[in-house]
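Undergrad: My questions all concern the structure below.
The values are calculated or read from the model by the stated rules, or taken from the named source; none is laboratory data. Keep in mind that what you see is a predicted model, and the values were worked out from it rather than measured. With ideal geometry, Cβ positions are generated from the backbone for all residues, glycine too; neighbour counts draw on all protein chains shown. Accessible surface areas use protein heavy atoms only, side chains included; no ligands, DNA or RNA. Shrake-Rupley method; radii C 1.70, N 1.55, O 1.52, S 1.80 Å.
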Amino acid sequence: MAGKVDALYFFLVAVSAFFVIVIAAFVIYFSIRYRRREHGEVGTKVVPLLALEIAWTIIPLGLGLVMFVWGAQIYFNQARPPAETLDIYVVGKQWMWKFQHLDGRREINELHVPVGRAVRLTGTSEDVIHSFFVPAFRLKADVIPGRYTTLWFNATKAGRYHLFCAEYCGTKHSGMVGTVVVMEPNEYQAWLAGGGGGAGSLASQGQKLFQDLACITCHRADGQGRGPVLEGVFGSRVSLNSGQVVVADEAYLRESILSPSAKIVAGFQPLMPTFQGLVSEEQLLALIEYVKSLKGLAPGQPAADTPGGPAPGRTTPARGPQSTSERQRQNPKK
Ligand code: CUA
């Protein structure tokens, strides 16, 4: 990716340099060639050449379109993570970068990743806007409070790379730096194994929270609770009371925990209390990861609500087909 970004960058520089030189040369040449030679001299009227006018309109247009198409290709490539990624969460905070691996391991201002593997980062901020910037990867994106930003990279060379915050975020902004450590796969495995993941995987931490916060009393897997069944909900299309259909992505889950009444699943009452202020950004990530880990029912198994039919006056949200092997991810159109 870095090579592609650089190629476009150098193309832009080369085109700009070429025109700067050509235009400057003509300015100098004309100012000498057509200088005023005697006092009171009047310039002659110039009739513009149509061919020349067309040429200097069409050529820059073509060049501009080349830059646009080329840039758009790179942009789309950067904006769309591949299907198979190693997922890591990032939380920016005054003034540090916190990383949360799915196995439960946490890091501050250091991020360990394996070489040659697509890594997808989902980032947010606890306080103000920060910008996650790894110059060596040509990777930069703002992390914004209340939102999830997705970015991805595939490191091609092992080593240590600078990580910066590239958005002024307070007095110690300049100290909000870190290191991305890219390791050979075997070293990475050793590093992973050496992690004292006493707290268990992120999903299991989320499961514990799910019980501690009593989410489980309403969101029951058997469909008999007062809240929607969450098994298989992640990545599926959810019909709302408003008639809208939304894709259950991270942002939707987050909103449903913090502002439950914003989007009510069709057939349900707005009964759920808000958890705003009760769960931290990191606990939210754990809860989301837990919900993601709840797969849909295996084929052949009866649907949760079939034994006695759906409870009266309530419908169960539509569940999309969910692959049970791979985490299914749908990129919402932005
Ligand atoms: Cu965070 Cu600047």
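Undergrad: In the stretch 126-233, if the dipole is taken from +1 on Lys/Arg beta carbons and -1 on Asp/Glu beta carbons about the Cα centre, which of Phe210, Pro145, Val180 is farthest to the positive end?
TA: Val180
Undergrad: Next question, about the same structure. Over the chain, what lengths in whole Å, largest first, do the semi-axes of the equivalent ellipsoid take, defined as the square roots of 5 times the eigenvalues of the alpha-carbon gyration tensor?
TA: Semi-axis lengths for the chain are 53, 26, 19 Å.
Undergrad: While we're on this one: Out of the trypsin sites (Lys or Arg not before Pro) in the stretch 6-65, which ones are loop residues according to DSSP with at most 10 other C-beta atoms within 10 Å?
TA: When the trypsin sites (Lys or Arg not before Pro) of the stretch 6-65 are filtered for loop state and at most 10 Cβ neighbours within 10 Å, Arg35, Arg36, Arg37, Lys45 remain.
Undergrad: Same structure, new question: If one takes the longest principal axis of the Cα atoms in the chain, at what angle in degrees, from 0 to 90 and to the nearest 10, does the Cα axis of helix 281-293 lie?
TA: 70
Undergrad: How many percent of the accessible area of the stretch 86-192 is carbon or sulfur, using a 1.4 Å probe?
TA: Ligands and nucleic acids excluded, carbon and sulfur reach 53 percent.
Undergrad: Separate question: Using the Karplus curve 6.51 cos²θ - 1.76 cosθ + 1.60 with θ = phi - 60°, work out ³J(HN,Hα) for each residue of the stretch 157-163 in order, rounded to whole Hz, and write x for Gly and Pro.
TA: Whole-Hz 3J(HN,Hα) from phi for the stretch 157-163: 9, 5, x, 10, 10, 5, 10.
Undergrad: Please name which of Phe19, Tyr252, Ala221 has its Cα lying farthest along the dipole of the chain towards the positive end, using unit charges on Cβ (Lys, Arg +1; Asp, Glu -1) and the Cα centre as origin.
TA: Phe19
Undergrad: While we're here: How much area per residue is accessible in the stretch 137-221 when the probe is 1.4 Å and only protein heavy atoms are counted (Å²)?
TA: Accessible area per residue, the stretch 137-221: 55 Å².
Undergrad: Given the stretch 86-192, what percent of its DSSP beta bridges are antiparallel, to the nearest 5?
TA: Of those bridges, close to 70 percent are antiparallel.
Undergrad: Calculate the dipole size of the chain relative to its Cα centre from +1 charges on Lys and Arg beta carbons and -1 charges on Asp and Glu beta carbons; express the result in debye to the nearest 20. Intermediate values should be presented prior to the final figure.
TA: Details: 33 positive and 26 negative charges, 146 e Å.
It comes to approximately 700 debye.
Undergrad: Specify the residue with the greatest mean-square fluctuation among Val291, Val134, Val246, computed from a Gaussian network of the chain linking alpha-carbon atoms under 10 Å apart.
TA: In this elastic network of the chain, the residue with the biggest mean-square fluctuation among Val291, Val134, Val246 is Val246.
Undergrad: Would you work out the relative contact order for the chain, in percent, from Cα pairs under 8 angstrom that are 6 or more residues apart?
TA: With pairs under 8 Å counted, the relative contact order is 14 percent.
Undergrad: Okay, next question. Given the C-alpha centroids of the stretch 83-104 and the stretch 130-155, what is the distance between them in whole angstrom?
TA: With the stretch 83-104 and the stretch 130-155 each reduced to a Cα centre, they are spaced 11 Å.
Undergrad: Once the dipole of the chain is set up with Lys and Arg at +1 and Asp and Glu at -1 on Cβ about the Cα centre, which of Tyr9, Leu102, Val233 lies farthest towards its positive end?
TA: Tyr9
Undergrad: Right, another one. Note the angle between two axes, namely the Cα long axis of helix 2-33 and the longest principal axis of the Cα atoms of the chain, as a number of degrees from 0 to 90, rounded to the nearest 10.
TA: Compared with the principal axis, the helix lies near 20 degrees.
Undergrad: Any idea what the dipole of the stretch 70-126 comes to, in debye rounded to 20, about its Cα centre with Lys/Arg Cβ at +1 and Asp/Glu Cβ at -1?
TA: Numbers: 7 positive and 6 negative charges, 12 e Å.
It works out to roughly 60 debye.
Undergrad: Which value, in debye to the nearest 20, gives the size of the charge dipole of the stretch 86-192 about its Cα centre, when Lys and Arg are +1 and Asp and Glu are -1 at the Cβ?
TA: The calculated dipole for the stretch 86-192 is roughly 160 debye.
Undergrad: Run down the lysines and flag those whose C-alpha is under 24 Å from the C-alpha of Lys140, throwing out any fewer than 8 positions away in its chain.
TA: Lys4, Lys93, Lys98, Lys157, Lys172, Lys333, Lys334
Undergrad: Under the rule a/c < 1.5 gives rounded, and otherwise a/b versus b/c splits prolate from oblate, where does the stretch 86-192 land using the Cα gyration tensor?
TA: On the way: a/c = 1.82, a/b = 1.62, b/c = 1.12.
Taking the square roots of the gyration eigenvalues as a ≥ b ≥ c, the stretch 86-192 is prolate.
Undergrad: Oh, and also: How large is the helix-only mean residue ellipticity at 222 nm for the chain, computed as the sum of -39500 (n - 2.57) over DSSP H runs with n ≥ 4, divided by its residue count, in deg cm²/dmol to the nearest 500?
TA: After summing the helix terms and dividing by residue count, I get -10500 deg cm²/dmol.
Undergrad: If you fit an axis through the alpha-carbon atoms of helix 50-79 and take the longest principal axis of the Cα set of the chain, what angle between them do you get, 0 to 90°, nearest 10?
TA: Tilt of helix 50-79: around 20 degrees.
Undergrad: Taking the chain as a Gaussian network, where each spring joins two C-alpha atoms under 10 Å apart, which residue of Thr124, Thr156, Thr57 fluctuates the most?
TA: Of Thr124, Thr156, Thr57, the most mobile in the Gaussian network model is Thr57.
Undergrad: Along the Cα→Cβ direction, 7 angstrom out, place labels at Leu61 and Gln224. What is the inter-label distance in nm?
TA: About 7.1 nm separates the two model spin labels.
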